[in-house]
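Undergrad: Got a structure for you, written out below as structure tokens; questions coming shortly.
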Amino acid sequence: MFGFRTAFRYAFSKTRGQRVTSIMILVGIAIGLIALLVISAVMNGLQNAQMDQLRNLESFDLIIKSDTLQSEHVRYIYGVDDAFRFLETNALLVDETSETSQSIRIRAFDGDIYDSKRMSQSFTVISGSKDDMSGVLYSYSTRNRMGIRYEDSIKITFLKPGKTATIVPYTAKLPVSGFFSSKMSEFSSSTAFMDYEKLSGIIGSEDSKIAVYVSGNMKTVIQSILALDPNAQIITWQEYNKALYSALMLEKTLMYVFLAFMFLIICVNLKNSTRRLLSNKQKEGAMLRALGCSRKKVNAIFLGQGLFICIIGEILGVILGKILIANIQNILDFVDSVVFSISGQKTVLALIPFNASIGNVEILFVCIFIFLLSLMFTAIGCRKIYRSEIMEVILNATY
Amino acid sequence: MQPIELISITKRFRTAEKGEGEITILSNIDLGVVQGQSTAIIGKSGSGKSTLLHIAGGLDSPSEGKVLCNGTDFSTLDDRHRSALRNLHIGFIFQSNLLLEDFTALENVMAPALIAGKKEKECKDRAVELLNRLGLADRMNHIPGKLSGGEKQRVAICRALMNSPEVILADEPTGALDEENAGEVEQLLLDLVREEGRSLLLVTHNQDFAYRCDNVYLLKNHVLTKEK
């Protein structure tokens, strides 16, 4: 109890500007923590948005190739949000007016997948209707590039299984039934949609797969699918987007390297401020030892002092950091409007809406790391000071 | 058994200047502090009186020789046991009083007992009793910065007595006080020895004070000689 009380008293002592030093350190820790949390949250937000769109549109959570399974079987597995059969093939679009052509991936879904929650988050039909699948639904970027219009008939060359050859070209003129937009520009520029029955009529349904949205545990869901059909081939979204996923992971690793540099700055700050706190009180520490406190007890008092400051700084940092993260879009909008009012130009900040997010585990990890750093530097400082004889410290103390 | 016994104590310091090696401050000193008696060490400034007192209290280590506290050699103890021994058996009074500046007079006096792990209520009662006895009843809740030199020194004496130690080590206890305050503190220390049977090892420049003690030693040329 004496140690605890002394530690608290020393942390906010009025003598020798100790309180001001403590508050400066506390604010330093809080600001460092806010910076770490906000940067981490913003980067996470951007990456999560990218990954969510990949999973919603491009690859789904799982893709199953099975001869026996139906989408209904999969849909009722615990942890599965939605499941639907789909076909996918590459084709060549030919615009006879402009004599331009473009390769495109055509997807066809069996069912009302366009209305599913996950798909509708990233995919919007702008003109035409998703219920009218008599023709092909193109993206706005394809429309702009190819100069196609609503209800135009576009010549499309498919590759379909032949009777004698393995694959043969098959050309059909199909009307434009509408236009869509998605949050993934690469997806939009390379993909078109058409009716499942119509596409399977052209290329056959042998290559049909089941797309699955998973809300539960991915591993458990995969095990359940394999229990239904041990021969099913399952591709996860990470495998499907291996190159992009690897790039995102590399980006994340680099982000952590960048954050490690910030940690380093916090380290130097902590080391210097801890040293100052200790040197302010080294004479008192030696006096406590003269009164009968063991070296361990004195160290514990100074560790306590450092930890009080660190914990208060961390609490402050986490609260302010969370408030900032929750309001990041408003802050960016505000910065944008200030820049606009000064320069008359919009910044890029307001153009990219995203949800900054950070998990409690990440916050805990950062806090524990700073906490341990604080503990380590105080312990090192104490060791250096109290290695000397008591009177040596008392007589040579700066204060 | 003597509460403090110094056997063949030698203390050398390494000099800051390169090539000068070490200088000897104390050479082969033997001294026993007798139970219930006061002992004074006199000598010129820089003769090593304070160093000898610090070595006697385990605040500094000798280069050679050993210090026995109640028969236990300080050098054989680890830091925890040495601290406990210092806490319970020795009371220190420093020249510059060395009070904990963030604590009130009462808390300063309570500190050695709280460090020893005694109950707060018990510590407070004893500290209040000591402060009352030394005329500091109305200054208990003042921090050292608000106390006069004499009051600080009396608080330091109360603190030294808190754990009822067998021996009190005092380094120039009246050095920073005016004549009136110095006289009071001298009388107080000598009364403690006489009335409570404690031992006092004192370092002072004040010859009058020194010769009121039971034993007087002169430290000169690194050697201790008995004067009284």
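The values are calculated or read from the model by the stated rules, or taken from the named source; none is laboratory data. Predicted, not measured: the structure shown is a model, and the values here were computed from it. Glycine gets a Cβ as well: all are built from the backbone with ideal geometry, and neighbour counts include every protein chain shown.
Undergrad: When you scan region B:27-40, do you find a residue that is touching a His at 6+ places or on another chain (Cβ under 6 Å) and away from every other protein chain (no Cβ under 14 Å), even just one? Spell out how you get there, then give the answer.
TA: Let us first name the residues in region B:27-40 that are touching a His at 6+ places or on another chain (Cβ under 6 Å), namely B:27.
Filter once more, keeping what is away from every other protein chain (no Cβ under 14 Å): B:27.
Yes; the residues of region B:27-40 include at least one that is touching a His at 6+ places or on another chain (Cβ under 6 Å) and away from every other protein chain (no Cβ under 14 Å).
Undergrad: For region A:211-231, name all the residues that are under 16 Å from residue A:85 (Cα atoms) and either modelled with pLDDT under 90 or assigned to a strand (DSSP E or B) (or both).
TA: A:211, A:212, A:213, A:214
Undergrad: I'd like the residue in region A:53-84 that is of a type outside the set (D, E, K, R) and in a strand (DSSP E or B) and, out of all such residues, is surrounded by the fewest Cβ atoms within 10 Å (Cβ to Cβ). Don't jump to the end; show me each part of the working.
TA: Looking only at region A:53-84, we keep the residues that are of a type outside the set (D, E, K, R), and these are A:53-54, A:56-57, A:59-60, A:62-64, A:66, A:68-71, A:73-74, A:76-80, A:83-84.
If we keep only those that are in a strand (DSSP E or B) as well, we get A:62-64, A:80, A:83-84.
Working: A:62: 26, A:63: 19, A:64: 24, A:80: 21, A:83: 27, A:84: 22.
In this case the residue turns out to be A:63.
Undergrad: Further question: Could you tell me whether residue B:45 is part of a loop (DSSP other than H, G, I, E, B) and away from chain A (no Cβ under 14 Å)? Talk me through it step by step, then tell me what you get.
TA: Numbers: part of a loop (DSSP other than H, G, I, E, B): yes; away from chain A (no Cβ under 14 Å): yes.
Spelling it out, residue B:45 is indeed part of a loop (DSSP other than H, G, I, E, B) and away from chain A (no Cβ under 14 Å).
Undergrad: Another question about this same structure. Condition check: part of a helix (DSSP H, G or I) and buried (at least 19 other Cβ atoms within 10 Å of the Cβ). Does residue A:43 satisfy that? Give the derivation first.
TA: Numbers: part of a helix (DSSP H, G or I): yes; buried (at least 19 other Cβ atoms within 10 Å of the Cβ): yes.
Yes.
Undergrad: Let me ask something else. Considering only region A:237-349, give the helices (runs of 4 or more DSSP H) lying wholly within it that have at least 2 residues that are assigned by TED's automatic domain parsing to the domain that holds residue A:28 and over 23 Å from the mean Cα position of the chain (by Cα). Write out each step before concluding.
TA: Numbers: elements: A:237-240, A:242-290, A:295-326, A:328-343.
In region A:237-349, the matching helices (runs of 4 or more DSSP H) lie at A:242-290, A:295-326, A:328-343.
Undergrad: Which residues, taken from region B:48-81, are in contact with a helix residue (DSSP H, G or I) (Cβ under 8 Å, 6 or more places away or on another chain), away from chain A (no Cβ under 14 Å) and not charged (D, E, K, R)?
TA: B:68, B:70, B:72
Undergrad: Could you list, in sequence order, the residues of region B:202-228 that are touching a helix residue (DSSP H, G or I) at 6+ places or on another chain (Cβ under 6 Å) and part of a strand (DSSP E or B)?
TA: Across region B:202-228, the qualifying residues are B:203, B:216, B:219.
Undergrad: When you scan region A:303-322, do you find a residue that is closer than 25 Å to residue A:50 by Cα and out of contact with any Pro (no Cβ under 7 Å at 6 or more places or on another chain), even just one?
TA: Step one: list which residues in region A:303-322 are closer than 25 Å to residue A:50 by Cα, which gives A:321-322.
Now restrict to residues that are out of contact with any Pro (no Cβ under 7 Å at 6 or more places or on another chain): A:321-322.
Looking through region A:303-322, at least one residue is closer than 25 Å to residue A:50 by Cα and out of contact with any Pro (no Cβ under 7 Å at 6 or more places or on another chain).
Undergrad: Moving on. Mind checking whether some residue in region B:87-104 is at positive phi and within 11 Å of chain A (Cβ to nearest Cβ)? Outline the logic, then answer.
TA: The first filter runs over region B:87-104 and keeps only residues at positive phi, leaving B:97-98.
In the following step, the residues that additionally are within 11 Å of chain A (Cβ to nearest Cβ) were identified as B:97-98.
Within region B:87-104 (the criterion being at positive phi and within 11 Å of chain A (Cβ to nearest Cβ)), the answer is yes, since at least one residue qualifies.
Undergrad: From the set of residues in region A:273-315 that are small (Gly, Ala, Ser) and more than 11 Å from chain B (Cβ to nearest Cβ), which is surrounded by the most Cβ atoms within 10 Å (Cβ to Cβ)?
TA: So the first thing to find is which residues in region A:273-315 are small (Gly, Ala, Ser), and the list is A:273, A:279, A:285-286, A:290, A:292, A:294, A:300, A:304, A:306, A:313.
Adding the requirement that they be more than 11 Å from chain B (Cβ to nearest Cβ) leaves A:273, A:279, A:300, A:304, A:306, A:313.
Details: A:273: 21, A:279: 15, A:300: 17, A:304: 19, A:306: 29, A:313: 26.
The residue in question is A:306.
Undergrad: Another question, if that's okay. If you go through region B:29-47, how many residues are surrounded by fewer than 24 Cβ atoms within 10 Å (Cβ to Cβ), among the small types (Gly, Ala, Ser) and over 14 Å from residue B:7 (Cβ atoms)?
TA: Residues in region B:29-47 being surrounded by fewer than 24 Cβ atoms within 10 Å (Cβ to Cβ), among the small types (Gly, Ala, Ser) and over 14 Å from residue B:7 (Cβ atoms): 5 in total.
Undergrad: Still on this model: From the list A:266, A:234, which one is under 30 Å from residue A:69 (Cβ atoms) and among the β-branched types (Val, Ile, Thr)?
TA: Working: A:266 fails: under 30 Å from residue A:69 (Cβ atoms).
Being under 30 Å from residue A:69 (Cβ atoms) and among the β-branched types (Val, Ile, Thr) holds for just one of A:266, A:234, which is A:234.
Undergrad: Here is a further query. Which members of region A:185-208 meet the condition of being within 21 Å of residue A:51 (Cβ to Cβ) and buried (at least 18 other Cβ atoms within 10 Å of the Cβ)?
TA: From region A:185-208, those within 21 Å of residue A:51 (Cβ to Cβ) are A:185-191; that's our starting set.
Passing the criteria: A:187, A:188, A:191.
Undergrad: On to the next question. Kindly provide the set of residues from region B:154-184 that are part of a helix (DSSP H, G or I), in contact with a strand residue (DSSP E or B) (Cβ under 9 Å, 6 or more places away or on another chain) and aliphatic (A, V, I, L, M), ordered by number.
TA: Within region B:154-184, the first condition is being part of a helix (DSSP H, G or I), and the residues that meet it are B:154-161, B:179-184.
Imposing the further condition that a residue be in contact with a strand residue (DSSP E or B) (Cβ under 9 Å, 6 or more places away or on another chain) reduces the set to B:156-157, B:159-161.
Of everything in region B:154-184, those that are part of a helix (DSSP H, G or I), in contact with a strand residue (DSSP E or B) (Cβ under 9 Å, 6 or more places away or on another chain) and aliphatic (A, V, I, L, M) turn out to be B:156, B:157, B:160, B:161.
Undergrad: Hey, another quick one. Of the conditions (1) among the hydrophobic types (A, V, I, L, M, F, W, C); (2) more than 18 Å from the chain's Cα centre (by Cα); (3) in the same structural domain as residue A:297 (by TED's automatic domain parsing); (4) surrounded by 13 or more Cβ atoms within 10 Å (Cβ to Cβ), residue A:212 satisfies every one except a single condition; which number is it?
TA: (3)
Undergrad: Against the conditions (1) touching a residue at least 40 places away in the same chain (Cβ under 8 Å); (2) buried (at least 23 other Cβ atoms within 10 Å of the Cβ); (3) more than 24 Å from residue A:7 (Cα to Cα); (4) of a type outside the set (A, V, I, L, M, F, W, C), where does residue B:159 fall short? Just the number, please.
TA: That leaves (3) as the condition not met.
Undergrad: From B:141, B:108, which residue is in contact with a Lys or Arg (Cβ under 6 Å, 6 or more places away or on another chain), closer than 12 Å to residue B:155 by Cα and either part of a helix (DSSP H, G or I) or away from chain A (no Cβ under 14 Å) (or both)? Show your work before the answer.
TA: Working: B:141 fails: in contact with a Lys or Arg (Cβ under 6 Å, 6 or more places away or on another chain).
Being in contact with a Lys or Arg (Cβ under 6 Å, 6 or more places away or on another chain), closer than 12 Å to residue B:155 by Cα and either part of a helix (DSSP H, G or I) or away from chain A (no Cβ under 14 Å) (or both) holds for just one of B:141, B:108, which is B:108.
Undergrad: Could I ask something else about it? Criterion first (among the β-branched types (Val, Ile, Thr) and over 27 Å from the mean Cα position of the chain (by Cα)) does residue A:80 satisfy it?
TA: The answer is no for residue A:80.
Undergrad: Name the pairs: first residue in region A:13-24 and within 17 Å of residue A:284 (Cα to Cα) and more than 14 Å from chain B (Cβ to nearest Cβ), second residue modelled with pLDDT of 80 or more and exposed (fewer than 13 other Cβ atoms within 10 Å of the Cβ), Cβ to Cβ under 7 Å, at least 6 apart or on different chains?
TA: Within 7 Å, no pair qualifies.
Undergrad: Just wondering, is there one or more residues in region A:94-104 that are among the small types (Gly, Ala, Ser), touching a Phe, Trp or Tyr at 6+ places or on another chain (Cβ under 8 Å) and in contact (Cβ under 8 Å) with a residue 24 or more places away in the chain? Before you say what the answer is, go through the steps one by one.
TA: Of region A:94-104, the ones among the small types (Gly, Ala, Ser) are A:98, A:101, A:103.
Cutting the leftovers down to touching a Phe, Trp or Tyr at 6+ places or on another chain (Cβ under 8 Å) gives us none.
No - not one qualifying residue is present in region A:94-104.
Undergrad: List the number of the failed condition for residue A:243; all other conditions in (1) within 24 Å of residue A:121 (Cβ to Cβ); (2) among the small types (Gly, Ala, Ser); (3) in contact with a strand residue (DSSP E or B) (Cβ under 7 Å, 6 or more places away or on another chain) hold.
TA: Status for residue A:243: all satisfied but (3).
Undergrad: Right, another one. Being among the hydrophobic types (A, V, I, L, M, F, W, C) and within 23 Å of residue B:52 (Cβ to Cβ) is the filter here, so list the residues in region B:128-178 that pass it. Before you say what the answer is, go through the steps one by one.
TA: Quick first cut of region B:128-178, residues among the hydrophobic types (A, V, I, L, M, F, W, C) only: B:128, B:130-131, B:134, B:136-137, B:140, B:143, B:147, B:155-158, B:160-162, B:167-170, B:176-177.
Scanning region B:128-178 gives B:156, B:157, B:160, B:161, B:167, B:168, B:169, B:170, B:176, B:177.
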